[in-house]
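Structure first, commentary second.
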Amino acid sequence: MNLEYSEDVLAFRDELREFLEGWPLTGDEAKLALEEQRRLFRERGIERGYVYRDMPKKFGGSEQPSDAVRDRIVKEEYLAANAPGGLIGQGPGMLAPTLMEFGTPEQQERFIPPTLAGDMRWCQGYSEPGAGSDLASLQSRADLVGDEWVINGHKIWTTTAHEADYMFGLFRTEPDASKHAGISYLLLDMKAPGIEVRPLKEMTGAAMFNEVFFTDVRAPADHIVGKRGEGWQVSRATLKHERNLIGDPNAMHRAFRNLIDLARRTKRGGRPAIEDPSVRQRLAEIEGYLLCQEFTGSRMFTAGARGDHAGVVMPMMMMKLYGTDLQQLLTRAACDLVGDGFLLAPTVEEGSHGGPQGTDGAWVSSYMNAIAVSIAGGASNIQRNIIGERALGLPRDLRSA
Ligand SMILES: Cc1cc2nc3c(=O)[nH]c(=O)nc-3n(C[C@H](O)[C@H](O)[C@H](O)COP(=O)(O)OP(=O)(O)OC[C@H]3O[C@@H](n4cnc5c(N)ncnc54)[C@H](O)[C@@H]3O)c2cc1C
């Protein structure tokens, strides 16, 4: 592990920091709607080569040479400046890289540019009532009739389906093939006739999930990514990006700093909670885990910078499991500090993912969210199975046919 940056990398970081001083915008630009300001600053970041670094220019990226060190610096500095970089939804974060890997040139040209610009929003249609961890059991079906797919079935837990323009999803196209071999990866227009989206209310009070029902929905035959019956392989690429998005150590550092701040502000027996030995012990324990996560991240980073793929893959798998466990530990400690203040937490507004930011009540929804993300993108038990089988070489879990 090498934690020293070279001279040219330090110069790159200085230039980036100078650029990031331009956020928040000032003067007339500060009068624009916030969404417009974010878009403007993102476009500047693309021009400068900081945002969407691995995406071609013709698709709206900045097409920089592959460089794990600079990628990491960009991530860290944007986070520290709280500045708008690349969009991170399911479209830009998961579908766009999947299309780069498996899409046809036409699909890339049609779908990637509006997705990166935030003009085309996506949802992920994988899970079904009888197919979550055992995803390959999915039953929603697509039949090729003439030059169209005709789709019937039912998806569940579809995040943001109610506001998405398109869905990337898995459908059974070869009912006679074995369960993994009979699936294809399709792109569907969410405004197509026959699609019905029904919201699911979460315990946070928000409704970001949905059920999606398909009745004779039609999609053009060429809206398939990868080959017919090979959707399972395509979906593995998308999931890899989802797990990557979920276990971000930088975000955890910020949450830990907020936790320390909370412990300083909260009173225990008339004194700041941070002076209470039991609170200090708990904070030290969390910081220990956080450092382990950081060093694992540094191992991945050094391996990536050296082009050592194997050195990256296994720690990356651990990061999702470890990151979500740590997130629960951390937010749980915060909730205990907030104490009965919980009950005063303002109700979450419809359509938002968590409590209002900047209030102690926001920790409650962060805690609930921490439980949710340990399930999203593959539940923790499944991550343990994968690590056990593929990294530690333990015997395979029993699988249904
Ligand atoms: C925040 C969030 C966002 C989501 N967004 C989407 C989305 O946009 N699109 C989408 O398609 N899906 C989405 N999901 C669904 C998610 O992928 C599934 O919830 C997840 O795969 C688990 O499936 P399940 O809910 O059916 O649980 P189940 O598979 O029924 O699992 C129930 C429990 O059994 C355990 N279990 C199951 N099998 C095994 C095994 N072999 N070994 C050990 N333990 C096992 C699990 O770990 C879990 O604890 C989202 C979920 C969450 C929480």
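None of the figures in this text is laboratory data; all of them are computed from the coordinates on show. Because the structure is predicted, anything quoted here is derived from the model rather than measured. Quick reminder, even Gly has a Cβ in these numbers, built from the backbone with ideal geometry, and neighbours come from all protein chains shown.
Observations on the model:
- Among L392, A237, S127 the positive-end extreme of the charge dipole of the chain (Cβ point charges): L392
- The stretch 122-161 and the stretch 176-198 have Cα centres lying 4 Å from one another.
- Around Y367: net Lys/Arg minus Asp/Glu count, Cβ-Cβ under 14 Å: -3
- Label-point gap, in nm, between A391 and D14 - each point 7 angstrom along Cα→Cβ: 3.9 nm
- Note on the chain: dipole from Cβ charges, positive end direction compared against P92, G288, N369; the farthest Cα belongs to G288.
- Length, then width, then depth: along the principal axes, the Cα atoms of the stretch 7-81 run 37, 29, 15 Å.
- Restricting the stretch 153-210 to GluC sites (Glu not before Pro) in coil, as DSSP defines it, with at most 13 other Cβ within 10 Å: none
- Computed FRET value (nearest 0.05) for L398 with R228, which takes r as the C-beta separation and R₀ as 25 Å: 0.25
- The long axis of helix 249-265 is offset from the longest Cα principal axis of the chain by roughly 40 degrees.
- Efficiency of FRET between M203 and E7 - r from beta-carbon atoms, R0 60 angstrom, step 0.05: 0.70
- Inter-label distance, nm, simple model (7 Å from Cα along the C-beta direction), R384/Q281: 2.5 nm
- Rounded to the nearest 20, the size of the Cβ-charge dipole of the chain about its Cα centre is 920 debye, with Lys and Arg at +1 and Asp and Glu at -1.
- Seen through its C-alpha gyration tensor, with square-root eigenvalues sorted a ≥ b ≥ c, the stretch 90-158 comes out oblate because a/c lies at 1.5 or above while a/b is not bigger than b/c.
- Sorted by Cβ neighbour density within 10 Å, fewest at the top, the residues M203, M94, M100, M167: M203, M100, M94, M167
- Overall Cα dimensions of the stretch 122-229, principal axis frame, Å, largest first: 42, 28, 21
- The chain: translational diffusion in µm²/s, Stokes-Einstein, Kirkwood Rh over Cα pairs, 4 °C, 1.567 mPa s: 56 µm²/s
- Under the combined filter of DSSP loop state and at most 16 neighbouring Cβ atoms within 10 Å, the stretch 257-329 retains these trypsin sites (Lys or Arg not before Pro): R306.
- When the chain is treated as a Gaussian network with alpha carbon springs shorter than 10 Å, the biggest mean-square fluctuation among A192, A96, A161 belongs to A192.
- For the options E15, E174, E211, a Gaussian network treatment of the chain with springs between C-alpha atoms closer than 10 Å singles out E15 as fluctuating the most.
- Mean separation of Cα contacts under 8 Å, 6 or more apart, over the residue count of the chain: relative contact order %: 12 percent
- For the chain, a Gaussian network of Cα nodes joined below 10 Å ranks G361, G339, G229 by mean-square fluctuation, and the top entry is G339.
- 11 Å beta-carbon shell around Q139, net charge (K/R +1, D/E -1): +3
- Rule-of-thumb Rg ratio for the stretch 13-152 [Cα; 2.2 N^0.38 Å; N residues]: 1.30
- For E294 and N152, a Förster radius of 35 Å and the Cβ-Cβ distance give a FRET efficiency of 0.15, rounded to the nearest 0.05.
- Extension reserve of the D67-D340 stretch, reckoned as 0.36 nm per residue once the Cα distance is removed: 93.5 nm
- Computed helical MRE - 222 nm, the chain, DSSP H runs ≥ 4 contributing -39500 (n - 2.57), nearest 500: -14500 deg cm²/dmol
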